[in-house]
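Only one structure is covered here, and it is reproduced in the block below.
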Amino acid sequence: MNENRGAFPVDRPVEALLRDHNTVRKLADTYANSQNMDVKKQAAAQILQLLETHAKLEESVFYPAVRDVDASMVGHFEQEHQKADDLLESLKGMSMDDPQSEQMLRQLIDMTMHHIQEEEGQFFPKLEQAGMDMTPIGLQMQAFEANLVHAQAQSSQQGARPQ
Ligand SMILES: [Fe+2]
Ligand SMILES: [Fe+2]
């Protein structure tokens, strides 16, 4: 996923978040509808990786930067993230062949669909109306994401088997 993100839209960082949301929706659709176990597992792994990056980006940079637009709504989002992060952390340590992991992943996907719907339907329009200069936030988000993706690539290289 990270490879098909394209350039980060620094002056419109919400677009980067929307792009992630739509990628998660597509992956969740593939996960739910494919009969092929390899395809399902691949989609599941991609969902976990994308959600982890996306959640960290919002928690560390986006939410603090936009909190003043609606502090109670942002606080609510952070609570939802906390629950999803806990599930995600447990899932990372489990095999996708474990029947319990399927149930947990479905729960995580349901929570995520509800959450991104709220962000898009209730928060992003408010943020737009607030008329903030988004470029400084976009630059911070771009830098944070680049570091995160770099760190992930390094740790997956360390875990990779020699060719
Ligand atoms: Fe979020
Ligand atoms: Fe989001």
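The values are calculated or read from the model by the stated rules, or taken from the named source; none is laboratory data. Computed from a predicted structure; not experimentally measured. We place every Cβ from the backbone using ideal geometry, glycine too, and count neighbours over all the protein chains shown.
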Task: Of residues in the range 75-114 being of a type in the set (S, T, N, Q) and surrounded by 11 or more Cβ atoms within 10 Å (Cβ to Cβ), the one farthest from residue 64 (Cα to Cα) - done: 100
Task: Options 32, 43, 16, 28: the member that is away from ligand 1 (no atom under 14 Å from the Cβ) and in contact with a Phe, Trp or Tyr (Cβ under 6 Å, 6 or more places away or on another chain) - done: 43
- [ ] Would you tally the residues in the range 91-134 being more than 16 Å from ligand 1 (Cβ to nearest atom), at pLDDT 95 or above, closer than 18 Å to residue 54 by Cβ and part of a helix (DSSP H, G or I)?
- [x] 3
Task: Unique match (being within 18 Å of residue 145 (Cα to Cα), assigned to a helix (DSSP H, G or I), of a type in the set (Val, Ile, Thr) and out of contact with any Asp or Glu (no Cβ under 7 Å at 6 or more places or on another chain)) among 39, 14 - done: 14
Open item on the list: Which residue is farthest from ligand 2 (Cβ to nearest atom), if the candidates are limited to the range 109-122 and must be touching a helix residue (DSSP H, G or I) at 6+ places or on another chain (Cβ under 6 Å) and free of Cβ contacts under 8 Å to residues at least 60 places away in the same chain?
Closed with: 111
Open item on the list: Report every pair of residues separated by at least 6 positions or lying on different chains whose Cβ atoms are under 7 Å apart, first residue within the range 47-59 and within 21 Å of residue 76 (Cα to Cα), second of a type in the set (Lys, Arg) and within 11 Å of ligand 2 (Cβ to nearest atom).
Closed with: none
